[in-house]
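As structure tokens, the structure follows; a few thoughts come after it.
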Amino acid sequence: MTAGAAPEPGAIPVATAPAAGAGAPVADAVAPGPRVRLFLTAAFLAPLLGWIPLLLLLALAIGGRRSLPGAIAAVRADAGARIVFALAALHALVVIAADVAHGPAAQGARSLRVLLPLCLPFVGFALLRRGAIDVARLSRWAAWAVAAAFAVLLLEWCVLRFALEVVDGRARALSANSLFVSAMLVPMVLLAWLDPGRSEPRFVATRLAATVLGLVCVAVFTASRASMLILLGMLPAVIWYLKCTGRLDRRAAIAAALGLLVALPLLAALAIGHSDAMLARFRALHLFLASGGADLSDDLAIRQRWTHWQAAWAAFAAAPWSGYGFANEARAIAAHLVAGVELQSSAHQQYLSFALGAGLAGLAAGLALLAVPLAGALRAAPRSPHAVWGACCVLVPFALNGLTDTLFDDLRIQAYYLILSLLLVAALGGRASSTGPVQPAAPARGST
């Protein structure tokens, strides 16, 4: 784009520095107010503190007299927000319709609670837009959130380990489920790498620290095999992507790769040394995969998942078009579950849960819900170099974790997923301190 030309449609406006300081960092034009800072803090701590931050988000959002009209106007004016709420509303309507069709009136009335995850992000979106959130701030707050999560989970783990003498205790904060906490921590770690503006050593160092702290959280404190494998599998892809797109220069990419190579063996030793149960869990997983599902070993988690997947698939095959209603998932599984296996509340597989709820229509609506961050990001800023990458930071961990767990039956996770998607949409629509590959400093005036 030539000097003085209008910006391309969908491009992120970039503040420019004076010629004399061409190589210096550009300061953000507008600082977020205290309400926006509190909103971001509550949003990023939501995985740890259950409903408390979500209620705080609601209080912040409706605190002003014009919050609801402002939210309506903000969503109507933002293409990315419109598609986020359209896809989320589609999923909610399918859930309600399926429960009304397959159960008594009281069951259909209870299913209206699925609208709550829509309300919380909706009324807060106007606040986000007024706060001048940008990609750089989103990256910094994600890194800060990982450090805060580490501190909270470390405190809980120490209480379990040393005060209560629970050797294999898994930290879960106030969310009541360690798997949910670990699943929601992975996007935080990836979003922290979203804006490597100038390949500064400080950026690489802080993001490496956040990554290591996040790995300790999922590998030691919550002991989640799925989240640990997802994060370990995506980190090399992160470094490769940032290097190939020029968002990290060669020196910074090598520093990040070496830092991970040094940290990962130490982390593995810590995870195994922390508890023999972690090593046994991975050994059981290896036996299960090597035998093609024949060896269920003594791992209760693997046995429950495998048997519930088989029962859920049999139930879906019996009613592929209509499903059973989302409130009747456990009942549908129980009809096909082998004897001697304790019945769980869900299929432990997100896609099977979608399909059991409303058949193929439920699966399609669930996939639409998963696609919310990608659709919103591409609609908000189709030409932004951050759009696809930022959306994948949110979408891919949830999509992969959904292969082994049912996540969206917890309304807090639905609300958190939509909040992260809208944070990304708001950031893409705001100012970015850096939007392209690392550029060399401009030559001094008069040089050739």
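The table below gives the values:
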read-out: Mean Cβ neighbour count within 10 Å, used as a protection proxy, ranking 242-248, 223-229, 307-313 highest first; value: 223-229, 307-313, 242-248
read-out: Under Karplus coefficients 6.51, -1.76 and 1.60, residue-wise ³J(HN,Hα) of region 214-224 in Hz, glycine/proline x; value: x, 5, 4, 4, 7, 8, 10, 6, 9, 6, 9
read-out: Three semi-axes of the equivalent ellipsoid, region 187-245, Cα gyration tensor, whole Å, largest first; value: 22, 13, 7
read-out: Distant-in-sequence amide H partners of residue 171 (H built 1.01 Å from N, under 5 Å); value: 222
read-out: Packing-based ranking, highest mean first, of 260-266, 348-354 given that Cβ atoms within 10 Å are counted; value: 348-354, 260-266
read-out: From phi via Karplus (6.51, -1.76, 1.60), per-residue ³J(HN,Hα) for region 371-376 in Hz, x at Gly/Pro; value: 7, 3, x, 5, 5, x
read-out: Protection-proxy order for peptides 156-165, 185-194, each taking the mean of Cβ atoms within 10 Å per residue, highest first; value: 185-194, 156-165
read-out: Two-site label geometry, residue 339 and residue 303: point separation in nm, points 7 Å out along Cα→Cβ; value: 1.6 nm
read-out: Virtual spin-label span in nm between residue 266 and residue 364, 7 Å along Cα→Cβ; value: 5.2 nm
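Rule-based calculations on the coordinates, nothing more; no lab input. Treat the numbers as computed from the prediction; the structure is a model and nothing was measured. Cβ atoms come from the backbone with ideal geometry, glycine included; neighbour counts cover every protein chain shown.
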